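Visitor: Let me begin by handing over the structure; questions about it come next.
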Amino acid sequence: MFAAYLAATLLAATLTGSAAIANLIGHDYPKSQADLTGVPYSWMLPLGILLAAGALGLLAGFVVPTLGILAAAGLVLYFVGAFAAHLRAHDRHFGPWSLYFLSSLAALATGLIYH
């Protein structure tokens, strides 16, 4: 079971960390998503910080399991909010979203089962 937990958590941390970096450096993809959903650019830094905190929390969960579970739960909620923002904007392209959401959900599920 540890192998599944390790794989799911590392995948989620990697994906979330890359999304955090994209937000923090002002990459075009997060900006295009912000334009699409009506999210102001001023939110890019706070959203990037939340993603970075989630990715680091997942990794810290290897040392403090409760922290990893809380980080995974927070990321699941973050991506539920992103889903709602895309629905509100009538955007039905959920391919990238599903990758981030399902990896966070897998990290949460395996973390709860393993610990």
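The values are calculated or read from the model by the stated rules, or taken from the named source; none is laboratory data. Quick caveat, the model's predicted, so the values are computed rather than measured. Glycine gets a Cβ as well: all are built from the backbone with ideal geometry, and neighbour counts include every protein chain shown. What goes into the accessible areas is simple: the full protein's heavy atoms, side chains included, and nothing from ligands, DNA or RNA. Shrake-Rupley method; radii C 1.70, N 1.55, O 1.52, S 1.80 Å.
Visitor: Computed from the coordinates I sent, volume of the Cα convex hull per residue in Å³ equals one of [x] 82; [y] 96; [z] 154. Tell me the label.
Guide: Here volume of the Cα convex hull per residue in Å³ agrees with entry [x].
Visitor: Whenever you get a sec, line up S42, S103 from highest to lowest accessible area (probe 1.4 Å, protein heavy atoms). Don't skip to the end; give the middle numbers.
Guide: On the way: S42 85, S103 5 Å².
These residues rank, largest area first, as S42, S103.
Visitor: Please tell me the relative contact order of the range 1-91 in percent, rounded to the nearest whole number, where contacts are Cα pairs under 8 Å and at least six residues apart.
Guide: In percent, rounded to a whole number, it is 30.
Visitor: If Lys and Arg each add +1 and Asp and Glu each add -1, what is the summed charge of the other residues whose beta carbon sits under 15 Å from the beta carbon of N23? Walk me through the numbers before you get to the answer.
Guide: Details: positive: K31; negative: D28, D35.
Local net charge: -1.
Visitor: Expected output is a single nm value to one decimal: the length gained when fully extending between I49 and R88, i.e. 0.36 nm times separation in residues minus the C-alpha distance. What is it? Each step should come with its number before you reach the end.
Guide: Values: separation 39, 0.36 × 39 = 14.04 nm, distance 2.34 nm.
Using 0.36 nm per residue and subtracting the Cα-Cα distance, I get 11.7 nm.
Visitor: Using θ = phi - 60° and the Karplus relation 6.51 cos²θ - 1.76 cosθ + 1.60, list the HN-Hα couplings for the range 109-114 in order, rounded to whole Hz, with x at every Gly or Pro.
Guide: Using θ = phi - 60°, the values come out as 4, 5, x, 5, 6, 5 Hz.
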